[in-house]
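Okay, so here's the structure we're looking at.
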Amino acid sequence: GNGVPIAWSAISGLSPPPKPYGQMKNTLYAVDDSAFKRSRLFIIDTKSSPEPAMITKAMYIKDENGVFAAFPPYGEFSAADRNAMINADDTVNIDSEGIVATPSGFWVASEGKGTKGDNSDRPVESLNFLFRLNMDGVIEEVVSLPDAVNDIQLRFGFEGVTVEGDYVVVAFQRAWGGEEKPRLGIYNIDTEEWKFVFYPLDEPESQNGGWVGLSEISSLGKGDFLVLERDNQGGLDASIKRIYSISLGDLEDVDDGDEITKLLVRDVLDDTAASGGMPLEKIEGMAILGKDIWIVNDNDAVDFNTGETQLINLGKLL
């Protein structure tokens, strides 16, 4: 509102507007992650003139009604930990890693902080949360995982989120608690119940080793989804930046614990270097807007990073 440009930094999730798009047909929503306090939602105009795309609005996520403040502590996550995530002005310090817009607002996936039982190095200071927000970014509901899943928390948690009918579907970045594969969590909004399927990650292929994890999930409708998979390597060491499709069918009929399969849609490694730079590490956001698929990288708020943010329209892939 003051004419000062809004910086592209630590963008970690993308979403199209809910259908029908109407006047929002060139709009994307985004979030920033825990590189910043006072977590925000962004509105992106993908057809700004003159180009490039522009962030036209930022909104703070707020706990004005005390919904998050009333969330009970659990396990190593204490009341003091929760209170540290809520500021005096009701803004919150969460680790937003995914966003999906709905007709009434948004769901935001916040990654947990810390690993269960790792009290010395990376203790649990936050659980993984789904936050339901109204159109102004005010928290209306807070959802956490079942106790048995919270009890095996690894610091690589929620990364992307989408909505399919009466379900919110969230991607876990990596496998938890000795499990071989990461989970996709399927949350029934009406019954408030969870079930999970297991996703087959690619093995690391980088000359520098590292790990591979999930970064994003987007609904195609009718039980079909796109997922974004990446390694934690950039530049000449980058190897895996891929979009896969999965089919879960009717989510009501999905059995808890199912192992799923995937099909390669596109290897986007070269797309991240198409502008002449080095391949990017953290391809973290993906959105399906009309028939086009958009991706964006998290520049880690320029820490150990070139600072470059690329919002890339891959066009029609399906």
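For the stretch 265-280, 3J(HN,Hα) computed residue by residue from phi via the Karplus equation (6.51, -1.76, 1.60; θ = phi - 60°) reads 9, 6, 8, 9, 4, 5, 4, 6, 10, 5, 7, x, x, 7, x, 8 Hz, glycine and proline entered as x.
Compactness of the stretch 1-90 is given as radius of gyration and Dmax, 16.4, 51 Å, from Cα positions. Comparing Cα centroids, the stretch 144-210 and the stretch 94-143 end up 13 angstrom apart.
Treating each Cα of the stretch 159-264 as an identical point scatterer and ignoring solvent, apply the Debye formula and state log10 I(q)/I(0) at q = 0.22 Å⁻¹. Taking Cα atoms of the stretch 159-264 as identical point scatterers yields -1.16.
Surface composition of the chain: carbon and sulfur make up 47 percent of the accessible area, probe 1.4 Å.
The 1.4 Å probe gives accessible areas that order Leu314, Leu130, largest first, as Leu314, Leu130. Divided by 2.2 N^0.38 Å, where N counts the residues, the Cα radius of gyration of the stretch 152-212 comes to 1.28. 5 Å is the cut-off here: which amide hydrogens, built 1.01 Å from N in the peptide plane, fall below it relative to Asp95, excluding neighbours closer than 5 in sequence? Answer set, sorted by chain and number: Glu111. For the set Lys37/Lys282; Lys57/Lys116; Lys113/Lys241; Lys62/Lys181; Lys57/Lys282, the pairs lying more than 28 angstrom apart at their alpha carbons are Lys57/Lys116; Lys62/Lys181. Rg over Rh for the stretch 34-82 works out to 1.22, both radii taken from alpha-carbon positions and Rh defined as the Kirkwood radius. Where only DSSP H runs of four or more residues are counted, the chain gives -500 deg cm²/dmol as its mean residue ellipticity at 222 nm, each run worth -39500 (n - 2.57).
Of the residues Ile217, Val302, Leu318, the one whose Cα sits farthest toward the positive end of the charge dipole of the stretch 195-318, with +1 on the Cβ of Lys and Arg and -1 on the Cβ of Asp and Glu, is Leu318.
The packing ranking of peptides 155-164, 205-214, 27-36, highest mean first, is 155-164, 27-36, 205-214, where packing means the average number of other beta carbon atoms within 10 angstrom of each residue.
Rolling a 1.4 Å probe over the heavy atoms of the protein chains gives the stretch 63-118 an accessible area of 38 Å² per residue. Give the lysines reachable from Lys291 as a straight Cα distance under 17 Å; neighbours fewer than 8 places away on the same chain don't count. Counting by Cα, and skipping residues close in sequence, Lys291 has these lysines nearby: Lys19, Lys25, Lys47, Lys222, Lys316. Fully extending the segment from Asp151 to Lys57, taken as 0.36 nm per residue of separation minus the present Cα-Cα distance, adds 30.0 nm.
Over the chain, the fraction of Cα-Cα pairs per 20 Å bin, rounded to whole percents and listed from the shortest bin up, is 34, 61, 5.
Here the dipole of the chain is about 1000 debye; that uses its Cα centre as origin and unit charges on the Cβ of Lys and Arg (positive) and Asp and Glu (negative). Of the peptides 241-250, 270-279, the ranking by mean beta-carbon count within 10 Å, highest at the top, reads 241-250, 270-279. The residues of the stretch 139-202 present an accessible area of 35 Å² per residue when probed at 1.4 Å with all protein chains retained.
The values are calculated or read from the model by the stated rules, or taken from the named source; none is laboratory data. As the structure is a prediction and not an experimental result, all values here were calculated from the model. All Cβ positions, even for glycine, are placed from backbone atoms using ideal geometry, and neighbour counts span all protein chains on display. With ligands, DNA and RNA removed, areas are computed over all heavy atoms of the protein, side chains included. Shrake-Rupley method; radii C 1.70, N 1.55, O 1.52, S 1.80 Å.
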